[in-house]
1. Give the chain B residue with the shortest beta-carbon distance to the rotation axis relating chain B to chain A, plus that distance as a whole number of Å.
2. Can you work out the Karplus-derived ³J(HN,Hα) for every residue in the stretch B:272-281? Use 6.51 cos²θ - 1.76 cosθ + 1.60 with θ = phi - 60°, whole Hz, and x for glycine or proline.
3. Towards the positive end of the charge dipole of the stretch A:258-363, with charges on Cβ (+1 Lys, Arg; -1 Asp, Glu), say which of A:Ser350, A:Pro290, A:Cys306 has the farthest Cα.
4. For chain A, set up a Gaussian network in which alpha carbons nearer than 10 Å are linked by springs, and say which option among A:Pro264, A:Pro110, A:Pro179 fluctuates the most.
5. Note the per residue figure in Å³ for the convex hull of the C-alpha positions in the stretch B:133-291.
6. Determine the shielding of peptide B:267-277 by partner chains: average, over its residues, the number of Cβ atoms on other chains within 10 angstrom of each Cβ.
7. In peptide B:298-308, how many Cβ atoms from other protein chains are near each Cβ within 10 Å, on average?
8. Would you work out the relative contact order for the stretch A:258-363, in percent, from Cα pairs under 8 angstrom that are 6 or more residues apart?
Number of protein chains: 2
Amino acid sequence: MRERRHSVPVRLGNVTVGGGAPVSVQSMTKTDTRDIGATINQLRCLADAGCNIVRLAVPDLEAASALSTIRRQAAIPLVADIHFDYRLAIAAIEAGIDGLRLNPGNISQPDHLRTIVRHASERSIPIRIGVNAGSLPHDYQPGTSLPQRMVSLALEQVQMLEALDFQHIKISLKASDVPTTIDAYRLIADQTAYPLHVGVTEAGPPICGAIRNTLGIGVLLYMGIGDTIRVSLSGDPLMEVDTGKEILRSLGLMSAGASVISCPTCGRTSLDVSTIATQVMERLRSVTEPFRVAVMGCVVNGPGECEHADVGIAGGEDKVLVYRSGTFKRSVPIDQASDALLQEIDSALSVRPAETSEEMRKNV
Amino acid sequence: MRERRHSVPVRLGNVTVGGGAPVSVQSMTKTDTRDIGATINQLRCLADAGCNIVRLAVPDLEAASALSTIRRQAAIPLVADIHFDYRLAIAAIEAGIDGLRLNPGNISQPDHLRTIVRHASERSIPIRIGVNAGSLPHDYQPGTSLPQRMVSLALEQVQMLEALDFQHIKISLKASDVPTTIDAYRLIADQTAYPLHVGVTEAGPPICGAIRNTLGIGVLLYMGIGDTIRVSLSGDPLMEVDTGKEILRSLGLMSAGASVISCPTCGRTSLDVSTIATQVMERLRSVTEPFRVAVMGCVVNGPGECEHADVGIAGGEDKVLVYRSGTFKRSVPIDQASDALLQEIDSALSVRPAETSEEMRKNV
């Protein structure tokens, strides 16, 4: 994995984006922002799931005026998504919003943009320039590639803000097509030091959308590109957060937390690995410290994986081998596998963290 | 995206792996191989879903003897997964299997390995050396990194086969950890010209397992590494195939087929994008030629995406804009959005392919 690209940090409330800060996970409320109760509820769910920053659409002044109540109730930084109307940006800033997503090119009058920037500067509120392949101006730089056009448009808008002496900037360059998205971010990565908000947009419903986002975000993060990420799915925003966190965990960019290693099963297995693994994931939902459970169907790879897990089971011919802290402990009949494993997990978690060998995991 | 790594082709039945052939998608039956009916049924489902190669566990002679009946009924190449017992390999070859997955180091007697290789040579059956991080020998090359140990073990086993003048070889190096998997394949990529079977193993249940596999496989394919892929999930093997195909499609390594672009929705939307997008995906399941549908909640990015789609809708304030072949056609009330879109899709598909502009899609 390449070293992370150097970027200049910006702050949204208590979250730093860029400058070597941990990669943050973003999502967006899908409620009507004017429905204050529903929006606050969804924000709470997102924060509980580990979302770091949430964006809200602000399509009109009624939505903007809902923001101050929503802001007071929210535990994490909020970003207002603004298009076309500068008054919405001003109202959002006055409501206490922590960041703006706003394309300067969308604000037609120069003095309107100047007003927004003055307000944002006074409160040190960053602005994300969010270029989207689906809304490039018609006939913009014909003859150049789409990623190149996205980058040019973003850099033009950066200059509009810099010309007003504003530098609390983040940039995103989203397309619904994975290679286009990757190319655009790779192109801009060397041309600016502003932090990059990375994602694939309009990716469709899960699981298809999760795959497209994981590819785009994953390849870029592997190349060291990306300071904050948004998985975009047509569906529950909690899935966006879960997917984003799993991407970071899987690439070692976030503390591992609890994880389940489980085999795909095959004709060698009489153990119901899929059901047991799902039960274990449910049991580990609230476990935040590193804890690894292996659910393995047979003795080909089972003992090996169990030796590198805090707790594990490996199916044998007519019984199941139970492991604890990497060591074989006992065998039980197959129909007791799930109970034995869950018992062992509860017992291991009750004596942690003293018992867990961090070394054991490192050796995997 | 980097150019694909050069590899020497091997053939399994009518499928070529490596040597510039299209990246193939593999899965594995999860039925008891001895249950011939259930196994044939699952094979049929996998082939219908677009799986190119299927592996079956062969844990005993009864499973091996089921293979000839299964083989005769299967429309795609089959690989026998063999461990420890050389007689199972011989029986599988005699049953007409198209490939073996077998680690020479697992076969304790040299003359047993020689017998397997002679049979495989006679029928030009390739052998995949499948090194798995979970089953490395204890105390193997202590002090070196896990990816390095996996590569060393694979190359040692390659030499065992080459010493017997056998070169129909594929290699896999799977770990449950994504960076370990990527590192191992990157290490071996320059050290051998044999085709690489790529995957992340014991990745857990979907969606977590799909994300880990997409990351590992996706980053490697983006680097040009990988001739055939297996997504490994604790769950329905059809999901493995769907995930594998979506990875290839999203990276442009497979004909696009039908695709749905749909926005994540936000407080700007009154359209039920998620439900409509899911309906559209269902409608397009059987469409194999390129066909793009956009389901967009609002006018910020909606018209732009619709202009690059065969059919699309974009939500407006109290109505929905309907697009066909990139051009605005009409608007309908929001509650008729789904019907209007599905009608337009049916109409577009009924006159294809004459109407579709390939150029339109290229311009995206």
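1. B:Thr214, 2
2. Once rounded to whole Hz, the list reads 7, 4, 4, 5, 5, 4, 5, 4, 5, 4.
3. Toward the positive end, the furthest listed residue is A:Pro290.
4. A:Pro264
5. Numbers: hull volume 24.6 nm³, N = 159.
Considering the Cα atoms of the stretch B:133-291, their hull volume per residue is 155 Å³.
6. Values: counts 20, 11, 4, 1, 0, 1, 6, 8, 3, 2, 8.
Average neighbour count from other chains, rounded to a whole number: 6.
7. On the way: counts 3, 3, 10, 10, 3, 2, 8, 8, 1, 2, 5.
For this peptide, the per-residue mean of nearby foreign Cβ atoms is 5.
8. On the way: 190 pairs, mean separation 21.4, N = 106.
Here the relative contact order equals 20 percent.
Just so you know, all these numbers are worked out from the coordinates, no wet-lab data involved. None of the values given here were measured: they were computed from a predicted structure. Cβ coordinates were reconstructed from backbone atoms using ideal geometry, including for glycine residues, and neighbour counts include every protein chain displayed.
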